[in-house]
1. Looking at segment 257-272, can you tell me whether even one residue there is acidic (Asp, Glu) and under 16 Å from Asp131 (Cα atoms)?
2. Within segment 217-240, restricting attention to residues that are modelled with pLDDT of 90 or more and part of a loop (DSSP other than H, G, I, E, B), which residue is surrounded by the fewest Cβ atoms within 10 Å (Cβ to Cβ)?
3. Can you tell me which of Ile126, Ile47 is of a type in the set (Val, Ile, Thr), away from ligand 2 (no atom under 16 Å from the Cβ) and either touching a strand residue (DSSP E or B) at 6+ places or on another chain (Cβ under 7 Å) or outside the structural domain of Ile283 (by TED's automatic domain parsing) (or both)?
4. Scan segment 282-304 residue by residue and report those that are touching a Leu at 6+ places or on another chain (Cβ under 9 Å) and at pLDDT below 95.
5. Among Thr111, Thr141, Thr97, Thr119, which is the only one that is within 29 Å of Gly54 (Cα to Cα) and away from ligand 1 (no atom under 16 Å from the Cβ)?
6. Need the failing condition index for Phe147 against (1) of a type in the set (Phe, Trp, Tyr); (2) under 24 Å from Lys43 (Cα atoms); (3) outside the structural domain of Gly284 (by TED's automatic domain parsing), just the number.
7. I'd like to know if segment 371-387 contains one or more residues that are in contact with a Gly (Cβ under 8 Å, 6 or more places away or on another chain), modelled with pLDDT under 85 and hydrophobic (A, V, I, L, M, F, W, C).
Amino acid sequence: MKIQQMFKDDIDRKINGVVKVDQDANDVLVQELNEYVITKELKKHFISFFNNYGDAFNEKTADIGVWISGFFGSGKSHFLKILSYILENKEVDGVKTVERFRSKFEDDPATFMLIDRATKGETDTILFNIDIEGSINKDATAVLRVFAKMFYNYLEFYGEDLKVAKLEQFIDKQGKTEEFRRVFEEKNGQPWLESRDAFAFWEDDIVETLQQVLGMSEEASRNWFNGTETVEMSIAQLVSEIKDYVNTKPENFRLLFMIDEVGQYIGSNTDYLINLQSLVEKIGSECEGKVWVVCTGQEALDEIIKTRQDEFSRIQARFKTRLSLSSASADEVIQKRILSKTDEADKRLTEVFESSDSVLRNLLKFNKDDALLDIRGYETAQDFSKNFPFVPYQFILMQKVFSEIRKHGNAGKHLSGGERSMLSGFQEAAYKIIIKYVQ
Ligand SMILES: Nc1ncnc2c1ncn2[C@@H]1O[C@H](COP(=O)(O)OP(=O)(O)O)[C@@H](O)[C@H]1O
Ligand SMILES: [Mg+2]
């Protein structure tokens with residue numbers, strides 16, 4: 001039997017080596033949803049998350065923080081994105097996401113029910129990568145500002161510039177959004193939504209529109225336009241706006257900020273961490289469990305706080321749900337998503353292992369005294385079949401290689417744009433092995 005024919009799925013299909021949370025092309029989404037593997041570990045994480053999240057429907061809580069940690073390529077972004085699509089129960093290609101997951105939880109109807117129940121109400125998620133959306137000028141309020149930006153964008157105001165967003169919000173409160181947009185377009189020729197990112201060029205049109213729609217004087221309009229004072233936003237103010245917003249919604253409405261790469265963004269900077277802590281605390285105490293904050297980072301929260309336990313005890317308390325993705329989970333994903341065998345291949349490989357058991361064991365014998373506990377050969381026939389054409393020790397090796405390359409090769413830059421990961425590495429290697437043995 002040729003290696004080529006052993007795999008259940010086409011080994012050469014296109015798989016993105018890393019998941020980008022903002023990538024929403026239909027074919028990418030369908031693949032990310034369909035090929036998502038619920039590993040043993042992920043199943044536990046689904047249970048913890050939906051237990052805590054679901055409890056908040058019965059009892060108000062301030063512990064609305066979720067911290068997802070794991071090394072590069074462990075599946076944090078994919079998990080975050082999947083959670084977002086499940087929570088919103090988004091329809092992709094005509095199928096609701098929760099429905100897609102029914103079959104994945106076939107063997108565990110209790111967990112599926114937990115998920116199904118928690119996603120019955122209206123839910124919105126604000127899903128983004130903080131490294132992409134965060135402002136270039138990082139200062140002590142950088143975290144607050146990116147929350148504000150994304151919240152206003154979500155409300156369809158111009159979050160890129162708080163001055164403009166605030167004006168739009170003011171106009172909206174007067175119920176004059178439509179009129180404002182219509183009058184501006186009459187004067188300018190272009191729709192407001194397409195012009196607002198260059199609003200500085202449209203002084204006269206905007207001043208005239210403000211006069212006509214809001215009845216402002218010309219002087220006042222020009223003053224607003226030319227005002228250089230930056231809009232100051234406080235945590236208290238933003239959270240109070242978020243709270244007012246969710247209170248306009250039904251009782252079981254939920255809003256989640258789902259933010260990728262927070263750990264790398266914050267790094268070892270105490271100011272950013274304080275900013276995040278204060279924000280999450282305020283959201284927790286004000287919003288009664290209706291607004292959640294879900295973050296990812298390569299380090300566990302305790303690891304980031306390490307030497308500053310006392311100062312940051314409050315952030316630990318709010319991030320009560322902590323989910324860590326291990327290498328065992330990443331290995332299981334590769335085995336199931338890439339290396340999964342047809343029944344026939346599985347049978348054949350099992351036979352091969354059973355007939356050459358001792359040869360294989362001797363060939364891949366590692367010295368236990370070297371304390372290389374995770375450097376393993378094959379233990380069982382099943383082990384052989386699910387890893388073939390690879391050997392278990394190669395997983396840990398590959399993971400270490402990747403983490404070193406990232407540490408040294410890129411001068412400390414966190415490579416969110418890098419396309420390769422352990423998973424795509426194994427896919428590529430499997431493909432090369434096939435090519436080699438076909439010839
Ligand atoms: N549970 C999973 N099921 C299927 N593929 C996964 C799973 N977890 C991770 N992957 C895949 O592994 C690769 C790395 O995942 P990613 O979420 O980008 O890692 P991280 O954000 O932790 O660096 C991606 O190709 C992703 O699709
Ligand atoms: Mg990622």
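The values are calculated or read from the model by the stated rules, or taken from the named source; none is laboratory data. Just so we're clear, the structure is a prediction, and the values are computed from it rather than from any experiment. Note: ideal-geometry Cβ built from the backbone for every residue, glycine included; neighbour counts use all protein chains shown.
1. Step one: list which residues in segment 257-272 are acidic (Asp, Glu), which gives 260-261, 271.
Next, from what is left, pick out any that are under 16 Å from Asp131 (Cα atoms): 260-261.
Scanning segment 257-272 turns up at least one residue that is acidic (Asp, Glu) and under 16 Å from Asp131 (Cα atoms).
2. In this case the residue turns out to be Ser217.
3. On the way: Ile47 fails: either touching a strand residue (DSSP E or B) at 6+ places or on another chain (Cβ under 7 Å) or outside the structural domain of Ile283 (by TED's automatic domain parsing) (or both).
Within the list Ile126, Ile47, the selection yields Ile126.
4. Residue satisfying the conditions is Ile304 alone.
5. On the way: Thr111 fails: away from ligand 1 (no atom under 16 Å from the Cβ); Thr141 fails: within 29 Å of Gly54 (Cα to Cα); Thr97 fails: away from ligand 1 (no atom under 16 Å from the Cβ).
Just a single option satisfies the conditions, and that option is Thr119.
6. (2)
7. no
One line per residue, one yes/no per condition, for (1) closer than 19 Å to Tyr431 by Cα; (2) surrounded by 15 or more Cβ atoms within 10 Å (Cβ to Cβ); (3) more than 18 Å from the chain's Cα centre (by Cα):
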{"position": "Met1", "(1), (2), (3)": "yes, no, yes"}
{"position": "Met6", "(1), (2), (3)": "yes, yes, yes"}
{"position": "Asp10", "(1), (2), (3)": "yes, no, yes"}
{"position": "Lys20", "(1), (2), (3)": "no, yes, no"}
{"position": "Gln23", "(1), (2), (3)": "no, no, no"}
{"position": "Asn26", "(1), (2), (3)": "no, no, no"}
{"position": "Asn34", "(1), (2), (3)": "no, no, no"}
{"position": "Thr39", "(1), (2), (3)": "no, yes, no"}
